[in-house]
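Data first, discussion second: the structure below is written as structure tokens.
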Amino acid sequence: MTSDMEYFFNPRSIAIIGASADPAKLGGRPLAALRKKGFKGGIYPVNPRYTAIDGLPCFASIKDIPDRIDLAVISVPREGIVDSLRQCAAKSTGAAVIFTAGFAETGQSGRDVQQAIAAIAKESGMRVLGPNCIGFIHFKNAVMASFSDVMDLDIKHETGRSLSLITQSGSYGERTFFRAYQEGIGAGAFISVGNEADLEFSDFISYLTSDASTSVIGLYLEGAKDGGRFRRAAEAALKAGKPVLVKKVGKSGAGTRAAASHTGSLAGNDRLYDSFFRQMGIVRFDELRDLTNFTLVHGSGRIPRGRNVGILTDSGGPGVEMADRCEEFGLHVPELGEATRRRIEKVLPFYGSARNPVDMTAAVMTDQGLYNTCLRAIFEDDDIDIVFAPGFFMAYTEKGLLDDMLDIYNSSRKPLVMFPVWEDGSPQALEMISRVKKEGIPLINEAGDAAWAVSSLARYGERRQRFLDGDTSGLF
């Protein structure tokens, strides 16, 4: 192993301590998932009540396993945790995941046991995730060291568009990946850090900056224990071009108290966190859809070179709304150049508008060639950095219209986001949508969601460029 974190991401063997023959129980879930998902390493159930589980030999203790164990998954009652960890340390186990709850979040007796966990990790060099977590998943290598329902999803790694999530809330993490699955976003890793007795979220950010199966790093954060470690991890991510998006909770007094009772985290001063995020190019988000929308936009591989937006619509109302939302989130909607306007005016009906937004009106439904003529003119305007256009996916869409649109898109490096998305569910429409998604073009129905995602990506790109140019002090 080149890094102790590899014991999580690329283990050659996994032991499940507290394994169960019942795949519905906490000790049975990882065992069943490892086999179902095709983990290629050794799998070793540990439970003195069984001699075999699902055809695999079951050992009374991890000490009885004849082979080296890279990763131990521990699902035993709290009173058995310290003894199980000591046995893992004696076995020279590389890393451990502890599902069990009831530690620092419950009071002094729990804190004492958690301190014992930390001491064993420090003395042995074994890295520990948890306790009080729902585990770890690395999708590419089929590492299913979890009991989460996320393991049941048929979610795969997508090159250039894969989300890894580090979370101090297991439930929030699950919701994130269910939404990512619905949006067709690939998955890198799912990491529930729990109480962070040993490893903290920052350690995983640092590792993921060099993980080829991760494009965007999401973080659900209640509080950071080590600000210096967080800064170093954030700098590494910024340098590597891996955007970090954070949902920071605990802004209010009630939220701070809830965080303390959840994982024992100290939420801290929210304004300090906010300033730190701005300095380090970390994108703060509020709604779960913000994270998935950003991942979709980032997945195009096109960072805006500026903030000037060209908007193409088939109706005045959506154009006005998008213009408002763009300005609200710090994008600009300038007048199109005179040459661009003349090109568009030649094909528009007299009641359309060649200004920005460009309103093709309902005439585009009977003269579909309007769409690509206007789209090409906007793309070729040198003062436009970003393009928003409607997505028409209907059974009656003219043959060749999508081919021409994709040619326009691929002749440029400008980001394109399609909003809103009109589709009738026909086989032709679904085929068109599939082609557009394969090109990496994001489809986002709500104007505000699309504008926020593109604006956040533009600000991230600006901050990263300043960082690479040596400016590590400015806010964005």
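Inspect all residues belonging to segment 134-152 and state whether any of them is among the basic types (Lys, Arg), assigned by TED's automatic domain parsing to the domain that holds residue 229 and modelled with pLDDT under 95.
Taking segment 134-152 first, the residues among the basic types (Lys, Arg) are 140.
Then keep just the ones that are assigned by TED's automatic domain parsing to the domain that holds residue 229; that gives none.
No, segment 134-152 contains no residue that is among the basic types (Lys, Arg), assigned by TED's automatic domain parsing to the domain that holds residue 229 and modelled with pLDDT under 95.
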>> Any residue that is surrounded by 14 or more Cβ atoms within 10 Å (Cβ to Cβ), touching a strand residue (DSSP E or B) at 6+ places or on another chain (Cβ under 8 Å), among the aliphatic types (A, V, I, L, M) and more than 30 Å from residue 237 (Cβ to Cβ) - is there at least one of those in segment 282-297?
In response: no
> Can you name the residue in segment 437-453 that is hydrophobic (A, V, I, L, M, F, W, C) and farther than 17 Å from residue 159 by Cβ and is also surrounded by the fewest Cβ atoms within 10 Å (Cβ to Cβ) among such residues?
Replying inline: 443
> Can you tell me which residue in segment 73-121 is surrounded by the most Cβ atoms within 10 Å (Cβ to Cβ), limited to those that are in contact with a helix residue (DSSP H, G or I) (Cβ under 6 Å, 6 or more places away or on another chain) and closer than 18 Å to residue 28 by Cα?
Replying inline: 96
>> Based on this model, can you work out whether residue 389 counts as assigned to a helix (DSSP H, G or I) and either closer than 24 Å to residue 158 by Cα or among the small types (Gly, Ala, Ser) (or both)?
In response: no
>> Being more than 17 Å from residue 64 (Cβ to Cβ) and touching a residue at least 40 places away in the same chain (Cβ under 8 Å) is the filter here; which residues of segment 79-100 pass it?
In response: 81, 94, 95, 97, 98, 99
> Is it the case that segment 56-71 has a residue that's within 15 Å of residue 146 (Cα to Cα) and crowded, with 19+ Cβ neighbours inside 10 Å?
Replying inline: yes
> Which strands (runs of 3 or more DSSP E) does segment 28-108 wholly contain that include 3 or more residues that are farther than 22 Å from residue 124 by Cα?
Replying inline: 42-46
> Among the residues of segment 98-134, how many are of a type outside the set (A, V, I, L, M), under 17 Å from residue 4 (Cα atoms) and under 28 Å from the mean Cα position of the chain (by Cα)?
Replying inline: 2
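The values are calculated or read from the model by the stated rules, or taken from the named source; none is laboratory data. Please read these numbers as outputs of a predicted model, since none were measured by experiment. Please note: Cβ atoms are built from the backbone with ideal geometry, for glycine as well, and neighbour counts cover all protein chains shown.
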